[in-house]
Amino acid sequence: MNVTAPDWKREYQTPHGLTVHPASPVVGARITGVDLARPLSDGVFKDILDAWFQYLVVVFPGQTLDEDQMVAFAERFGPLNKSANPRTHHNKKNPAIMLISNIREDGKLIGAHPDGEMHFHTDQCHQEKPCSATMLYGMEIPSRGGDTCFANAYYAYETLPEALRRRIDGRRAMNVYDYNHADTRGGTFDIREGVPHASHPVVRTHPVTGRKALYVNRLMTGFIEGMPRDESEELLHQLFIHQERPEYVYAHKWTPGDLVIWDNRCLLHARTDFDASERRLLRRVTVLGEKPV
Ligand code: SIN
């Protein structure tokens with residue numbers, strides 16, 4: 001697929017009247033001129049998809065969306081994951097919806113991923129078929145911090161020094177959902193019983209754009225397979241430093257009413273710290289994805 005926008009560093013009008021405002025020189029755009037609460041024509045949705053494949057994460061500011069409207073828009077991207085965190089956060093009417101929040105009601109958290117900083121990661125990389133897209137809708141936002149940062153994984157791959165590229169050629173890595181490792185990489189990433197994990201290629205090819213992306217991340221990639229652990233850790237460390245370089249990153253500062261959708265197949269995301277005494281509430285939906293190749 002050809003994903004070249006008219007001038008990807010400059011604001012432009014789409015064929016169906018939306019305006020795309022690049023958010024940084026390398027990743028991310030804001031899209032204005034569309035009300036996502038209303039059904040979208042195929043033409044308008046194609047403009048959105050084209051911008052999404054080009055910028056990897058798009059932000060629609062100033063939206064007012066109830067749960068049904070958010071789900072209807074998300075479904076344009078594909079079938080949704082309806083078993084999002086079923087144990088603690090099940091939404092009976094809209095099972096695809098999960099809350100990201102630090103708010104407690106009767107002493108119980110109402111959502112997942114409540115507090116603090118999160119390292120760079122890609123959603124559900126510990127599953128055999130990770131979600132293709134994640135959509136977040138900002139509802140209550142702290143006065144400072146809690147930004148969601150996005151790193152372009154195509155650039156990370158394309159700019160990798162040749163020596164590093166040779167070392168990862170044809171390799172696979174084990175991705176592990178173990179929050180004992182959320183703060184540091186001090187542990188061994190042993191796969192204990194019941195800990196979700198999945199092996200994926202270190203470099204994956206995007207099924208639509210055909211571009212290659214570096215598909216490892218600091219939060220959940222445990223080790224590169226078929227390599228001594230200390231060598232794997234040293235190599236991963238170099239890859240993390242490279243892919244998280246500030247010049248590959250766009251930090252999104254939330255405003256209530258922002259609807260953000262990103263492509264997990266070519267983009268990493270992280271969260272900056274925020275004051276735990278301030279409320280943060282976002283609604284999340286994920287779109288089912290394919291096995292990375
Ligand atoms: C996530 O990584 O899924 C949460 C992102 C955020 O809270 O900004």
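Laboratory data are not the source of any read-out in this text; all were calculated from the coordinates shown. Small disclaimer: the values here were computed from a predicted structure and weren't measured. As a convention, Cβ positions derive from the backbone with ideal geometry for all residues, glycine included, and neighbour counts pool all protein chains shown.
Some notes on this structure:
- Note on the range 228-293: enclosed strands (runs of 3 or more DSSP E) holding 1 or more residues that are surrounded by 14 or more Cβ atoms within 10 Å (Cβ to Cβ) and hydroxyl-bearing (Ser, Thr, Tyr) are 249-252, 281-287.
- Output for the range 254-282, where each listed residue is of a type in the set (Lys, Arg) and within 11 Å of the ligand (Cβ to nearest atom): ARG271, ARG280
- Candidates ALA156, ALA133 - the one that is away from the ligand (no atom under 15 Å from the Cβ), surrounded by 22 or more Cβ atoms within 10 Å (Cβ to Cβ) and in contact (Cβ under 8 Å) with a residue 40 or more places away in the chain: ALA156
- Checked against the criterion of being within 30 Å of SER41 (Cα to Cα), within 16 Å of the ligand (Cβ to nearest atom) and in contact (Cβ under 8 Å) with a residue 40 or more places away in the chain, the candidates GLY146, GLY116, GLY138, GLY78 yield just one match: GLY138.
- Scanning the range 202-217 for residues that are under 18 Å from the mean Cα position of the chain (by Cα) and either of a type in the set (Gly, Ala, Ser) or not in a loop (DSSP other than H, G, I, E, B) (or both) gives VAL203, ARG204, THR205, LYS212, ALA213, LEU214.
- Residue under evaluation VAL57, criteria (1) touching a Phe, Trp or Tyr at 6+ places or on another chain (Cβ under 6 Å); (2) closer than 25 Å to PHE274 by Cα; (3) more than 15 Å from the ligand (Cβ to nearest atom), criterion not met: (3)
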